[in-house]
Amino acid sequence: MIEHDANTHIETHHRFGDPGARARSAATLANEVSELLSGPAAAELGPLHPGPLNHDGHPSNWPALRSDPAPGFGGAQLHHNLGSGDMGVLNPHIVAREVQDVLDGIELHRRAATAAVDAARKRALEAIGECDDTFSPSRLTAMTFSTGGPGDVRVGLDVEILGHDLTRRVLPLRRMVGSKEHSGLTTALTVHERRVASLARLRANGWAGWIDETARLVLAEAGVETGTAIRQLLPLNQFAIRFGNGRWTATLMWKEGVITADIHDRSTNLGLYDGELQFGAGLPDTLFDSLPGRRLGDVAVVQHPFLSPEAVITDSYERGGVRFARIVVPTTPLPDQARSPETGKGGGSED
């Protein structure tokens, strides 16, 4: 946590902890596990190393150990999910036993594993080749394999695509099983095509991205400059700000090229989460039913210092006894110099 001033705290967070500390712990674990492995497959694959961890909000980004590409397995890398983001609780002997079981099993099914890798690579390259992304092409960067039990060869891949901040990131996809098509790749490429169009629009206008009005108002009130916010977003794609003597908490993040913010007001229990506005107090039924199509500025009871009066309410509904409204928040382009050499050009193929 970085103390910005007496009442503002910038807090970077990630479900797997500090990325630098995690990487150091993962490297130590990889070395210890490698020394405990034996057999022809272990010798062929060589020392293990930490696998890529994507910070772009994808569910398949569990910490893992990887080998180098192995020609004897179709050029694929062993991928072993660690099952925990807390490196301190992982026993290298237990992890080594798990990896050894994978290696012994894969050795018995080497031919099937190699065939599965070759087939999956062919389908992946065909899908990537059909992607309309010439301006910023997607790229297959690795094939991986693991096992889910005796005879169960699981093939995955890494694909380099545009992330939420519209910079290039490596996305590990772990769920291509056997000869079945990996629907996750199709989805990732569809999202990538949409982001390529957004990136072209940014470049054509000399912009670095967009910032929505909620995020802009939060940064202004907290006294945090936009360049500082972009620097904080680079490692993990999100960070939290606590300010107003603890009354307000905001989480800023990139979403589809836009810096946006979720907010929570402890004094009123009003919150905005992914465009969904949660009301902290009851609203008259007649007012609640009339919200869709109105601007927030036209509804006195939902005005708030971090809610843009120009935001448009598109829907209102009740869930679990709590009332919500879906809103669309105005955005403003960020000048290209907002991503200066000091703030960085974005996340790249991180991990």
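Quick one: if the Förster radius is 35 Å, what FRET efficiency do Gln337 and Asn81 give, using the C-beta to C-beta distance and rounding to 0.05? Display every interim value, and only then the final one.
On the way: r = 41 Å, r/R0 = 1.17.
Working from the Cβ atoms, E equals 0.30.
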Just subtract the alpha-carbon distance of Tyr273 and Glu107 from 0.36 nm times their residue separation and send over the number in nm, one decimal. 55.0 nm
Between Glu318 and Lys255, take the C-beta separation as r, use R0 = 30 Å, and let me know the FRET efficiency to the nearest 0.05. 0.70
Can you give the FRET efficiency to the nearest 0.05 for Ile94 and His49, using r as the Cβ-Cβ distance and R₀ = 30 Å? 0.95
How much length would be gained if the chain were fully extended between Asp289 and Arg266, taking 0.36 nm per residue of separation minus their Cα-Cα distance, in nm to one decimal? 5.7 nm
In nm, the gap between the two label points placed 7 Å beyond Cα toward Cβ at Arg247 and Ala200 is 4.7
What is the gain in length, in nm to one decimal, between Ala300 and Glu126 on full extension, counting 0.36 nm per residue of separation less the C-alpha to C-alpha distance? 57.2 nm
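Given Cα pairs under 8 Å that are at least 6 residues apart, what percent is the relative contact order of region 205-323?
Reported relative contact order: 19 percent.
Only the coordinates and a few stated rules stand behind these numbers; no lab work does. Please read these numbers as outputs of a predicted model, since none were measured by experiment. No Cβ is skipped: glycine too gets one built from the backbone with ideal geometry, and neighbour counts run over all protein chains shown.
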